[in-house]
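Peer 1: I have a structure here, written as structure tokens, and I will follow up with some questions on it.
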Amino acid sequence: MSVTKPLPHDSAKLHVTGTARYVDDIPVPADCLHLAFGLSDIACGSIQSINLDAVRAAPGVTSVWLAGDLPTDCDCSPSVHDEPLLSDGQIHYLGQPVFLVAATSHTAARHAARLGQIEYSPEPALLTIEDAYLAGSQFGDAPRIWERGTAAPAIYAAAHVIEGVLDMGGQEHFYLESQAAMVMPQDGGDMLVHSSTQHPSEIQHKVAHALDIPMHAVQVETRRMGGGFGGKESQGNALAISCAVVAAATGRPAKMRYDRDDDFTITGKRHDFQIRYRVGTDESGRIEGAEFLQLARCGWAQDLSFPVADRAMLHTDNAYFLPNVRIESHRLKTNTQSATAFRGFGGPQGMLGIERVMDHIAHTLGQDPLAVRRVNFYDTPETQSGRTSTPYGQEVDDFVLDELVTKLADQCDYSIRREAAAQWNETNPVLKRGIALTPVKFGISFTLTHLNQAGALVHVYQDGSIQLNHGGTEMGQGLFQKVAQVAASRFGVPIETIKITATDTGKVPNTSATAASSGSDLNGMAVKAACDTIRDRMATHLGKNVQFEGGSVVVDGSAIPFAEAAKRCYESRISLSATGFYKTPKLEWNPETGQGRPFFYFAYGAACSEVVIDTLTGENRILRTDIIHDAGASLNPVLDIGQVEGGFVQGAGWLTTEELIWDDKGRLRTHAPSTYKIPACSDRPDIFNVSLWDGQNTEDTIYRSKAVGEPPFMLGIAVLMALSDAVGACGDIYADLNAPATPERILKAVQKVRDGI
Amino acid sequence: MSDKMHIKLTVNGEDKEFLAEPRDLLIYALREKLNITGPHVGCDTSHCGACTVTLNGKSVKSCTMFVAQANGAEITTIEGIGSPDALHVLQESFKEHHGLQCGFCTPGMITRATKLLEENPTPTEEEVRFGMAGNICRCTGYQNIVKSILAAASEINSAKEAAE
Amino acid sequence: MYSFEVERPTSVADAAAALGKDEAQALGGGQTLIPTLKQRLASPSVLVSLAGIADIKGVSVDGGTVTIGGGTTHGVVAAEAGAYPALAALAGNIGDPAVRNRGTIGGSLANNDPSACYPSAALASGATIVTNSREIAADDYFQGLFETALEEGEIVISVKFPIPEAASYQKFEQPASRFALVGVYVAKFADGVRVAVTGASEGGVYRWSEAEAALSGNFSADALDGLTVSGDDMISDLHGSGDYRAHLVKVMTKRAVAAAS
């Protein structure tokens, strides 16, 4: 059976030979126009005058658009319609598109785009969390507040009260393939769109709206992305819309690709947060009451900030039972890029808050942080302790962290190495070691319930070859292969029989984004439904006791090749094509009250990281990381382990070297890989052991597997906690280490802890 | 706008001639004039390595070279390494050892790795990581990339020994 | 970037003549100039590529001096300047392998980026920069941020490095670009110690004379214990504050002394 086999990525051969096509590799017709945006130079204010004469006169330029030239407002927002494609006269962030240039080449468009002469009336910009919080600048009428029990009295009555503030930076996706789209006009005003997107249906919807045509007139096709990570969930809208507008106006194909600089400057990143906490614990470190203030910097437009901030609230508990808790979430509006989806989607931020709390409690009580974590773990239902429900009222009935963490701690000799690190620190004044073991419990499903649906289209051709299509998109995570393995397993045929095809709004309509780690869950089940429909029709026709296995169909003991079975069914006028559909059961949740069941199940993992820091410079290295991650009954262990390794490294990068810096004019200064440091080949743990937890999903998911796209990202939290541990070895006061923990920040923390500076 | 220059290159064993402006970067000449789309544009500032090609026997970042500087050179891109019917050891290795996810960095990675193994046929893991410092991957965390390169090195070396 | 002509002379004389034209700019490996042009921070009308001039390439050793042609790439220096190990090691750690296949020492010194590595090697070694018209001592050559003693159109033909008794270059990298956030080159000669610091000062590469005095008397890391480095006049930017750089100068100098061989 194909499922559970460690097959390579579906496009591996194409990738290693350089023949896999991304949007920018698609051959373009000779009359294709190339587009670029002219961007604003101030963070906040209004446009006084615009002179685009030089742009129009530049070599290669065919036309230029301002907002007034567009057929509609060409809104780009995935949520509340607050993002016109081009500035309507108001400027909301430095880097906002003001005009659109079409030219005969990409470089001609880019050159021309720099020639706009725009005069602004600047207004004071709100750039930071502090600015916006003090000014009360936020989305929605009020902060969102969820409570369970009564936190303040519980804290008051507790033996120990621990409070603090944690700052964590945002993160740039840095998908290696920057944003790209190409549109080919078809007959009668129809549009064919090639887009590097996680959400073809949204592209279709926004393009149709922009041109004021029905969705059925727009077809979007996506074969693959060179990385997505959430950055292509909504940020691709602007390019596709621009290309469609130009194609409609000129009758010529149009293509747009952001250069890396523009990609950094225009698109949204991970939300940076400040979390303020106050908890009361007993002597063992068990939390009795907790209060969190979560300040999320959302940028100028709402985009996906509400579900992101909600998910941060929903992961305030991580793996821990919080009997009394109050979470107050502010969605702050600032004059910066509109922060958007990024692997974890608020979960990492919320989780980092409570992990910092655990670390801080342990320091205050002089205990092993792992012991404090364990004392706060959820209990399993059998214990009947009443410590099994999340703050939002969902029962945690699949909690495996107790055994998983025990196994990990044993496997990686956590206690021995913690002791060894402490001894090393006694005798080493300059280099200090730290170690931390942190858990992850991540809720799986879109929190906007209606997004938890998926469709598929499967054709069995009369020669027995099978074409597969579904609404999920491939961005490297191996979704296409995993789902193909499902299809192959349903029909009992080898994987080569299955043809994977580009995601296409003309084949499956109204699909959700490939996001929330749900791609395999949702699309796997939809494909299963379609395959089973066809298979059952075939079986009913062919006889009794029909088995599909090993590439054959066995009817009453005698086997015929699958191809023969297909031919016979076709000739007997049995339909060999079917759609499939799936929607996640059991979900029901109210975001206002924060109560209900937003998640179908939880995915778990834990990481133990050991680091060394140089107290003279703040330099640091990850010496070793051990991970056990729960992917349920894995559909494809190598693809899943790839997600775990890549997710961990990206999570570690978020918390250590990846620093986004804006200046006081609101200009993003770190806008290239020369200034924004993502992990490189040497930046990995010297020793890196990753294994999958042996277990099945308790819920009826596709082959009892679990989602694996996002949860491993949060395993990177172990690195920040280990660095905090290492800094803590320098003295008595709490390290208070913020993220990203760059060398300079670590040095400052060391100086504070050691010298009281 | 300046006059076009007459450029002659050998790319993957084939002679190519075309006109280009002096300021055309090699990566764009390859992709747009010669339709060689294996090397990718990842960053434009010479850091990510997705544009890596081999030029006169050395790894270079084609986004940081004018086609005028490359005039007369012999260039190998991913398309010139192995073939779909007969993959190079490194290509086979990246495929088998899952040294790729989204694949965008892969042509540059493999092109660089072929040179790394020529420069140092028996690299340690440390040397592989140092030698691949100019190629960024956002998806894999590099574990399997390093594994793929070491496995390929091992295979190449055993084949050499067997031949001797 | 703005458009320009490209010339590819094969002799120094032809290159000098080409550089005599208005708004002509020398092009070495392009690893700095091309990114600069892409950002439109410069707009020469003519680029004169020096890559075709065989005479300015190569590494040679004569007695106590290593001479490196201005057009020699970092990769070649790393491989062939073994007679001066600290210099070879510095070259081998610039950028990444592909960058080292293109960038040249002449380009690096002519540009004098305040965060580049080679200026500290040249200054600490007391090197001589040989141009097509004269020889310039390193002490006279570096004149500030991106400023050198070179006249318009003057070409770096070679650089002569006296080989010290012991030397080491310690670079604290800005992790994204791998340029020196702070880089310290320490060279011990029979007649004294030279310490050159790059990456740190707003004035570009400089000699830390107090450290030189202390180390000339006692070549060991603790000789520096009593010294302080001020954060004033240090570069303060996205990658580090002036105070952090000042702190690192002392730390990296000590490391260089400890590692010098």
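Bear in mind that the values in this text are calculations on the coordinates, not laboratory data. The shown structure was predicted, so the numbers you read here are calculated from the model rather than taken from an experiment. Neighbour counts are summed over all protein chains in view; Cβ atoms, including those assigned to glycine, are modelled from backbone coordinates with ideal geometry.
Peer 1: Give the order of A:Phe442, A:Phe174, A:Phe342 when sorted by the count of other beta carbons within 10 angstrom, beginning with the fewest. Don't skip to the answer; put the middle values down first.
Peer 2: Working: A:Phe442 30, A:Phe174 24, A:Phe342 27.
By the 10 Å Cβ count, ascending: A:Phe174, A:Phe342, A:Phe442.
Peer 1: Starting from the 7 Å offset along Cα-to-Cβ, what nm value, one decimal, do you get for the label separation of C:Thr65 and A:Asn510?
Peer 2: 8.3 nm
Peer 1: Based only on other Cβ atoms within 10 Å, what is the fewest-to-most ordering of B:Cys102, A:Cys569, C:Cys117?
Peer 2: Working: B:Cys102 30, A:Cys569 22, C:Cys117 26.
Starting with the residue having the fewest Cβ neighbours, the order is A:Cys569, C:Cys117, B:Cys102.
Peer 1: Put +1 on the Cβ of every Lys and Arg and -1 on every Asp and Glu Cβ in the protein assembly as shown; which of B:Ile81, C:Gly64, C:Ile105 then has its Cα farthest towards the positive end of the dipole?
Peer 2: The listed residue farthest towards the positive side: B:Ile81.
Peer 1: Might you report the magnitude of the Cβ-based charge dipole of segment A:684-744 about its Cα centre, with Lys and Arg at +1 and Asp and Glu at -1, to the nearest 20 debye? Can you show the working numbers first?
Peer 2: Working: 3 positive and 9 negative charges, 50 e Å.
In total the dipole reaches around 240 debye.
Peer 1: Also, I was wondering about something else. Can you tell me the alpha carbon radius of gyration of segment C:54-162 divided by the globular rule-of-thumb value 2.2 N^0.38 Å?
Peer 2: Working: Rg = 12.5 Å, N = 109, 2.2 N^0.38 = 13.1 Å.
Dividing the Cα radius of gyration by 2.2 N^0.38 Å gives 0.95.
Peer 1: What is the mean projected area of the alpha carbon convex hull for the protein assembly as shown, to one decimal in square nanometres? Mind showing how you got there, number by number?
Peer 2: On the way: hull surface 190.8 nm².
Averaging across all directions leaves 47.7 nm² for the Cα convex hull.
Peer 1: What are the residues whose amide H is under 5 Å from the amide H of A:Val553, where those residues sit 5 or more places off or on another chain and H is modelled from the backbone?
Peer 2: Counting only residues 5 or more places away or on other chains, the set is A:Ile560, A:Phe562.
Peer 1: Further, regarding this structure: Say each of C:Leu145 and A:Arg704 gets a label point 7 Å from the Cα, pointing the same way as Cα to Cβ; how far apart are those two points in nm?
Peer 2: Each label point is offset 7 Å from its Cα along the Cβ direction, giving 6.5 nm.
Peer 1: Using a simple charge model, +1 on the beta-carbon of Lys and Arg, -1 on the beta-carbon of Asp and Glu, nothing else, what dipole does the protein assembly as shown show about its Cα centre, in debye to the nearest 20?
Peer 2: Details: 97 positive and 140 negative charges, 329 e Å.
Around 1580 debye, computed over the protein assembly as shown.
Peer 1: Using the basic label-point model (7 angstrom from Cα toward the beta carbon), what is the C:Thr10 to C:Ser230 distance in nanometres?
Peer 2: 5.6 nm
Peer 1: Evaluate peptide C:175-185: per residue, the Cβ atoms of other protein chains within 10 Å of its Cβ; return the mean as an integer. Could the numbers behind the result be given before it?
Peer 2: Values: counts 13, 13, 9, 6, 1, 0, 3, 1, 0, 0, 0.
The mean count of partner-chain Cβ atoms within 10 Å per residue comes to 4.
Peer 1: Further question on the same structure: Put +1 on the Cβ of each Lys and Arg and -1 on the Cβ of each Asp and Glu in chain A; which of A:Asn738, A:Trp693, A:Leu468 then has its Cα farthest toward the positive end of the dipole?
Peer 2: A:Leu468
Peer 1: Counting helices only, and only those DSSP H runs with n ≥ 4, report the 222 nm mean residue ellipticity of chain A as the sum of -39,500 (n - 2.57) divided by its residues, in deg cm²/dmol to the nearest 500.
Peer 2: On the way: 19 runs with 218 residues, N = 757.
Calculated from helices alone, the mean residue ellipticity at 222 nm is -9000 deg cm²/dmol.
Peer 1: What is the list of residues in segment C:102-125 whose amide nitrogen lies under 18 Å from a point 7 angstrom out from the Cα of C:Ala166, following Cα to Cβ?
Peer 2: Within reach of a label on C:Ala166, which here means backbone N under 18 Å from a point 7 Å along Cα→Cβ, segment C:102-125 contributes C:124-125.
Peer 1: Turning to a different aspect of this structure: Per-residue Cβ counts within 10 Å, from other chains only, averaged over C:237-250: what number is that?
Peer 2: Working: counts 3, 9, 8, 5, 2, 0, 3, 8, 1, 0, 6, 7, 0, 1.
Per-residue shielding by partner chains comes out at 4.
Peer 1: Using only the alpha-carbon atoms of segment A:132-276 as identical scatterers, what base-10 log of I(q)/I(0) does the Debye formula give at q = 0.11, 0.14 Å⁻¹?
Peer 2: One equal scatterer on each Cα of segment A:132-276 leads to -0.59, -0.77.
Peer 1: Could you tell me, in Å, what Rg and Dmax come out for the Cα atoms of chain C?
Peer 2: Values for chain C (Cα only, Rg and Dmax): 17.9, 55 Å.
Peer 1: Using a 10 Å Cβ count of at most 10 others and DSSP loop calls, identify the longest part of chain A lacking such GluC sites (Glu not before Pro).
Peer 2: Here the longest segment lacking exposed loop sites spans A:284-591.
Peer 1: Separate question: Among A:Leu314, A:Leu468, rank each residue by its count of other Cβ atoms within 10 Å, from fewest to most, as a rough exposure measure.
Peer 2: On the way: A:Leu314 27, A:Leu468 23.
Listing A:Leu314, A:Leu468 from fewest to most nearby Cβ atoms yields A:Leu468, A:Leu314.
Peer 1: Anyone know which of C:Gly203, C:Gly217, C:Gly69 comes out most mobile in the 10 Å Cα GNM of chain C?
Peer 2: Among C:Gly203, C:Gly217, C:Gly69, the largest GNM mean-square fluctuation belongs to C:Gly217.
Peer 1: Return the calculated 222 nm mean residue ellipticity for chain B, to the nearest 500 deg cm²/dmol, obtained by summing -39500 (n - 2.57) across DSSP H runs with n ≥ 4 and dividing by the residue count. Kindly include the intermediate steps, with their values, before the conclusion.
Peer 2: Working: 4 runs with 50 residues, N = 164.
Rounded to the nearest 500, the figure is -9500 deg cm²/dmol.
Peer 1: Further, regarding this structure: Calculate log10 I(q)/I(0) of chain B for q = 0.09, 0.12, 0.15, 0.20 Å⁻¹, where I(q) comes from the Debye formula with a single equal point scatterer on each Cα and nothing for solvent.
Peer 2: Debye intensities relative to I(0), on a log10 scale: -0.30, -0.53, -0.79, -1.26.
Peer 1: If you don't mind, another one. Can you tell me how much longer the chain between A:Asn51 and A:Val555 gets when fully stretched, taken as 0.36 nm per residue apart minus their C-alpha distance, in nm with one decimal?
Peer 2: Values: separation 504, 0.36 × 504 = 181.44 nm, distance 7.62 nm.
Stretched fully, the A:Asn51-A:Val555 segment lengthens by 173.8 nm.
Peer 1: Could you give the dipole magnitude of segment A:453-583 about its Cα centre, charging the beta-carbon of Lys and Arg +1 and that of Asp and Glu -1, in debye to the nearest 20?
Peer 2: Here the size comes out at about 240 debye.
Peer 1: Give me the number: length gained by fully extending A:Thr150 to A:Ala217, i.e. 0.36 nm times residue separation minus the C-alpha to C-alpha distance, one decimal in nm.
Peer 2: On the way: separation 67, 0.36 × 67 = 24.12 nm, distance 5.42 nm.
Here the segment from A:Thr150 to A:Ala217 would lengthen by 18.7 nm.
Peer 1: In addition: Among A:Gly344, A:Leu437, A:Ile641, which residue has its Cα positioned farthest towards the positive end of the charge dipole of chain A, with +1 placed on the Cβ of Lys and Arg, -1 on the Cβ of Asp and Glu, and the dipole taken about the Cα centre?
Peer 2: The residue sitting most towards the positive pole is A:Ile641.
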